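The values are calculated or read from the model by the stated rules, or taken from the named source; none is laboratory data. Nothing here was measured: the structure is a model prediction, and the numbers come from that model. Note: ideal-geometry Cβ built from the backbone for every residue, glycine included; neighbour counts use all protein chains shown. Surface areas here come from the heavy atoms of the whole protein model, side chains and all, with no ligands, DNA or RNA. Shrake-Rupley method; radii C 1.70, N 1.55, O 1.52, S 1.80 Å.
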Amino acid sequence: MDTTQSVVEKSAIRKVAIRLVPFVALMFFINYLDRTAISFAGPNGMNADLALSAAQFGFASGVFFIGYILLEVPSNLALHKFGARRWLARIMVSWGIVSLLFTWVGNVEQLYILRFILGVAEAGFFPGAILFLSLWVPSRHRSKILALFYLAQPLTTVIGAPFAGLLIQQDGLFGLEGWRVMFFGVAVPAIIVGIVAWFYLADSPAKAKWLTQEEKTWLTGALEKEKNETVSSNKHVSVRTVFGNGRVWMLSAIYFGFIYGLYALGFFLPTIIAGFEGIYGTKFDVFQKGLITAIPYLPAAFALYFWSKDATKRGVKTWHIALPALIGGLSIPLALFAGSPAATIAVITITAMSIFAALPNFWTVPTQFLTGAAAAAGIALINTIGNLAGFSAGYITGWLKDLTGSYTVPMFVVGGFMLLSCILMVTLSRAGKVSEGVPAEALDPAGAGLHSEP
């Protein structure tokens, strides 16, 4: 590799990591906090005030994803057409306004409607953010960049759960119950940051004022060469054919298992912790419950970072995705037989570490064979199927809890879906439909070698 080009490459990637990733991660942080705020509100007054059963709470948690699914693919195609800066900013302000309305929700019907509309407002944000970052860095750097971005998700709970607890403790502020204060407090940042995004983001390296001309030239050239190679080796993968592409549907099923586990934990962990008092006789205040909820996600953030760092060094391998799915699938049902609050949280921590270790590496796979509008449609389709898991995890977990009287059967279902993800990932790899990544240091500047055969 030419020394001068190496210096320019390192400088360009470093600037993207510093200038773009933290801001997009902040957007994701607020996004995930707003969509999971219901999990903190439920066991801390909302369920009692609105007289919700476990199934109703689960349906309210999950119906968000129905609205999201309906507009996700069109939203991501609009992002591709109109540019990420405008579209991501629009999405963020829209969901911020809807989130604010939860402050005054009065009954279960209104809760269902607002959760559905929140999904419509947020549609396309996550796949749009993934696509946006993928358009800024060549494939060999993508695992690292997506890992830095994905850190926002576990850190949302590490920081967001205690923050939500503090807001809920402000009972009576503005004459509102604590859980209503919490909804207000997490909604306002979305509106503010969405407005800032309109002016802060740039649609492509060529439009970034903070890159030198040499950095713009290198990034644009490397990305264009990679795009041409991908198009050349995958001419059949277009927007029209992506919906009939076997790899896309297999990846969608794999992602379904991960997201089922993610949201089963996200929506019901605070409720499980609240149940410790009845099972073990322990007593925690709202802030302490928030801190306990955060415990699994801090190790998960470390697991995400170091697992993805290894994937960047070695190249993303099948086992970087399949092994965490296996460990997560085996661990989550064991949490309910741990025998104490500390042991339960320890096992759940292993599950959280597994899920978050796999996710950023998983998202390097679709861009091995998709590009342009097909990438926008394919990533959105995969995320859409994942969001079906978001709906299913909330509703099925709550329904099975009401049916059986415990979380034992629901957690076995979670484990089963994660094990299925492991099996499908190995199957896809053995069929030769996913390439084993090449270590970053072994690649030429254009990043050749990361694209699978058609």
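A few points about this structure:
- For segment 79-153, radius of gyration divided by Kirkwood radius, i.e. Rg to Rh on alpha-carbons: 1.11
- For segment 271-386: Kirkwood Rh in Å [reciprocal of mean 1/r, alpha carbons]: 16.1 Å
- Average accessible surface for the chain: 37 Å² per residue, computed with a 1.4 Å probe over protein heavy atoms with every protein chain in place.
- Cα point-scatterer Debye curve for the chain, base-10 log of I(q)/I(0) at q = 0.11, 0.13 Å⁻¹: -0.83, -1.15
- Accessible area, probe 1.4 Å, largest first, for residues Leu114, Leu420: Leu420, Leu114
- Kirkwood hydrodynamic radius of segment 21-141, from the reciprocal of the average inverse Cα-Cα distance over all distinct pairs: 15.2 Å.
- The alpha carbons of segment 118-217 give a radius of gyration and a Dmax of 18.0, 57 Å, in that order.
- Spatially proximal lysines relative to Lys209 (Cα-Cα < 20 Å; intrachain offsets below 8 disregarded): Lys10, Lys15
- Taken as entire DSSP H runs, the helices of the chain that both span 20 Å or more between Cα atoms along their own long axis and average -1.0 or more on the Kyte-Doolittle scale are 3-19, 21-41, 54-82, 84-101, 108-122, 152-168, 178-200, 246-274, 297-314, 341-362, 372-404, 408-430.
- Residue ranges 265-276, 123-134 sort as 123-134, 265-276 when ordered by packing (mean number of other C-beta atoms within 10 Å per residue, highest first).
- The residues neighbouring Lys216, those whose beta-carbon lies less than 14 Å from its own, together hold a net charge of -1 under the Lys/Arg +1, Asp/Glu -1 convention.
- Accessible surface of the chain, 1.4 Å probe: 68 percent of it comes from carbon and sulfur atoms.
- Value of Rg to Rh for segment 312-353 (Rh from inverse mean 1/r over Cα pairs, i.e. Kirkwood): 1.15
- Calculated FRET efficiency for the pair Asp310/Leu419, C-beta based, R₀ 30 Å, to 0.05: 0.85
- Ranked by the mean number of other Cβ atoms within 10 Å per residue, highest first, peptides 201-213, 393-405 order as 393-405, 201-213.
- Each distinct pair of alpha carbons in segment 323-389 adds a 1/r term; the inverse of their mean, the Kirkwood radius, is 13.8 Å.
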